[in-house]
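The values are calculated or read from the model by the stated rules, or taken from the named source; none is laboratory data. Owing to the predicted nature of the structure, the values given are computational and were not obtained by experimental measurement. Neighbour counts run over all protein chains shown; Cβ positions are idealised from the backbone, glycine included. Just so you know, the surface numbers come from the protein's heavy atoms only, side chains and all, with ligands and any DNA or RNA stripped out. Shrake-Rupley method; radii C 1.70, N 1.55, O 1.52, S 1.80 Å.
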Amino acid sequence: PLPTHLMAVAMGAFRTTSAGEVTLNTLTPGPNDDWVLDTAARALAFFADWLGVPYPFGKLDLVLLPQVGTAGMENSGAIFLRQGSVSAATREAATLIAHEIAHQWFGGLVTVAGWEDLWLNEGFATFLAPKALAAIAPDLVDDAAETRQVREALHADWAPTGRPLRHAAATSGEIAELFDVIAYRKGAGLLSTLQAWLGEEVFRHGLGLYLHRHALQAARSDDLWSALESASGQPVSAVAGPVADQPGAPAIRLHWKGQALTLTRVDPALGPLPLQLKLGLADGQVVHADCLLDGTAEIALPAPLLWAFANAGAGTYVRSLPTAPRPPLAALTDAEATVLLEDAWLSLWIGETDLLACLGLIR
Ligand SMILES: [Zn+2]
């Protein structure tokens, strides 16, 4: 069965054009319509392939509307799009199309058992859209911008008004409040953390299990943890459960002396945290190390440490307190450098570091 909020009817004198399973419906044809149709058709094929699960609803109508409440709505098999949001071939437009198509699997094929697990819908659509872009429109990809958007959730998550990712809602007003930066971007950040930890192939396998086990049914966060545990043999529930059930962002402090690196959790209540480290050694080597950090850990290195960066690949939803000396920007990717600067800004905002120390980071 489909949830009622994903059922929709559109009536009007639509002009239609089709590409495979996808039909574009528009009242007023525009110059970007062919791009919208082509982008949607390719995103649909990408997700079916990447997830290993065929598109579940037979046909997919894109309904371009001049006025609609949100930029996009993922009705199963009949995505509504605000025409003005897809009137140019931009990263934002491609992301919107890919986001709504990802919902056909996450939200449509497997829907959520209650509003408290809404993040499963929005977190997955937010997390998966950039993957489609990388495959179908690589010229529109902006890794640093994607990283910055997930980091926005860290700011909201630190605030005393923050809420847990899994959060009950009873009234329509409370439900509307759930569609926030936490559901979309902390959700995507948690999924990205799990992918970085388990590896993309194992993570994909786990998602396939989740979709097959719960196809055309409702699922909860625990069902996702369980599928990922089946695929990986790792304690996914212990890692992801506390991050989903409690407010607040994972945070760590790095400290080193000679060949010994010490990592300390600043938020010990949030469960074990998988980290991928990038470390610059005095002998010129840059080495990588993985760690499942619960409390404090010490890592012994083959040579004295010059600098350390705790978010190699920029995929982990964690903030690090600034270190001195900082990693050289030349040793980081654009997304990693974005993490470094965003973390410094957040530490300054919280009051853990001062402006001069922060400016020292960007000199
Ligand atoms: Zn969405």
Computed from the beta carbon distance with a Förster radius of 51 Å, FRET efficiency for A218 and A19 to the nearest 0.05 stands at 0.95
With every protein chain left in place, what is the accessible area per residue of the range 275-363 in square angstrom, probe 1.4 Å? 47
Förster radius 45 Å - calculated FRET efficiency between L355 and S87 (Cβ-Cβ, nearest 0.05): 0.60
What shape does the range 92-190 take by its C-alpha gyration tensor, where a ≥ b ≥ c are the square roots of the eigenvalues and a/c under 1.5 counts as rounded, a/b above b/c as prolate, and the rest as oblate? oblate
Gain upon complete extension [D290, R204; 0.36 nm per residue less C-alpha separation]: 28.9 nm
Most to least packed among 325-335, 229-239, 96-106 [average Cβ atoms within 10 Å]: 96-106, 229-239, 325-335
If you take the square roots of the eigenvalues of the alpha-carbon gyration tensor of the range 147-240 and sort them as a ≥ b ≥ c, do you get rounded (a/c under 1.5), prolate (a/b over b/c) or oblate? oblate
State whether the range 1-59 is rounded, prolate or oblate according to the following rule on the C-alpha gyration tensor (a ≥ b ≥ c being the square roots of its eigenvalues): a/c under 1.5 gives rounded; otherwise a/b larger than b/c gives prolate, and the remaining case gives oblate. oblate
Along the range 315-325, what does the Karplus equation 6.51 cos²θ - 1.76 cosθ + 1.60 (θ = phi - 60°) give for ³J(HN,Hα), rounded to whole Hz, x for Gly and Pro? x, 9, 7, 7, 10, 10, 5, x, 10, 10, x
Just T16, T70, T264 to compare: in a GNM of the chain, with alpha carbon springs under 10 Å, which one fluctuates most? T70
List the residues, sorted by chain then number, that are 5 or more residues from D61 or on another chain and whose placed amide H is less than 5 Å from its amide H. T23, A78, I79
Solution diffusion estimate, µm²/s, Stokes-Einstein, the chain, Kirkwood Rh from C-alpha pairs, 4 °C, viscosity 1.567 mPa s: 60
In order over the range 339-346: 3J(HN,Hα) from phi, Karplus 6.51/-1.76/1.60, θ = phi - 60°, whole Hz, x for each Gly or Pro, gives 4, 4, 6, 5, 5, 5, 4, 5
Enumerate the amide H contacts of L293 below 5 Å, restricted to partners 5 or more residues apart or on another chain; note that Pro and chain-start residues carry no placed amide H. L273, L275
With T = 4 °C, eta = 1.567 mPa s and Kirkwood Rh from C-alpha pairs, the Stokes-Einstein D of the range 4-115 in µm²/s is about 92
I need the Debye-formula profile for the range 229-293: one equal scatterer per C-alpha, no solvent, reported as log10 I(q)/I(0) at q = 0.21, 0.26, 0.28 1/Å, two decimals. -0.93, -1.15, -1.25
Cα atoms only: what Rg and Dmax, in Å, come out for the range 238-363? 14.1, 43
To the nearest whole percent, what portion of all C-alpha pairs in the range 112-166 is separated by more than 19 angstrom? 43
GNM of the chain, Cα pairs under 10 angstrom: of G206, G84, G280, the biggest fluctuation goes to G84
Rounded percent of accessible protein surface that carbon and sulfur make up, the range 248-363, 1.4 Å probe: 59
Expressed as a percent, the accessible surface of the range 141-245 that is carbon or sulfur, using a 1.4 Å probe and the full set of protein chains, is 50
Sorting check: for 247-259, 307-319, which peptide has the highest mean count of neighbouring beta carbons within 10 Å, and how do the rest follow? 307-319, 247-259
Report ³J(HN,Hα) in whole Hz for each residue of the range 278-293, in order, from the Karplus equation J = 6.51 cos²θ - 1.76 cosθ + 1.60 where θ = phi - 60°; Gly and Pro get x. 10, 10, x, 9, 5, 7, x, 6, 10, 10, 10, 8, 10, 7, 9, 8
So if I place +1 on the C-beta of Lys and Arg and -1 on the C-beta of Asp and Glu, and nothing else carries charge, what would the dipole magnitude of the range 251-362 be about its Cα centre? I want it in debye, nearest 20. 160
